[in-house]
Amino acid sequence: MNEDPELGELLDILSDEYARDILAATSLEPMSAQQLADQCEMSKPTAYRRIEQLQSYGLLEEQTKVETSTNNYSVYVASLTGVDISLAEGQFEATVSRTDADQFPGQEESDTADRFTKMWENL
């Protein structure tokens, strides 16, 4: 998402306890939907709904976790780093700060091609 969401939309999503829990958890480490549902004490469908909402506002990013012994799966990482709300000339304005998901601890490479290349180099 290139533009910041409208202030009302942003406040709506951030007022949701489940959405805040997901952002907090994924700011520490990438997590799957099942991990988020378990850690944040919500149903898996609720986790998926909030994940979709957060992604639509550019606050959460999806990555593919490559597993050699099992199937690959999606993990989610918060891209939100801050929200600044200002009031000037009678109008509110919200600015959202984001970071690249590959800057989080535990994420060595940001995409599958990089991980595949590294795997072959280490054989």
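Bear in mind these aren't lab numbers, they're just calculated from the coordinates by the rules spelled out. A quick note: this is a predicted structure, and the numbers were derived from the prediction, not measured. A quick note on method: Cβ atoms are made from the backbone with ideal geometry, for glycine too, and the neighbour counts reach across all protein chains shown.
Structure notes:
- Put a dot 7 Å past the Cα of Lys44, heading toward its Cβ, do the same for Ser27, and the two dots end up 2.8 nm apart.
- The order of Thr68, Thr95, Thr26, going from fewest to most other C-beta atoms within 10 Å of their C-beta, is Thr68, Thr95, Thr26.
- Take the Cα of Gln91, step 7 Å toward its Cβ, do the same at Glu67, and the gap between the two points is 4.9 nm.
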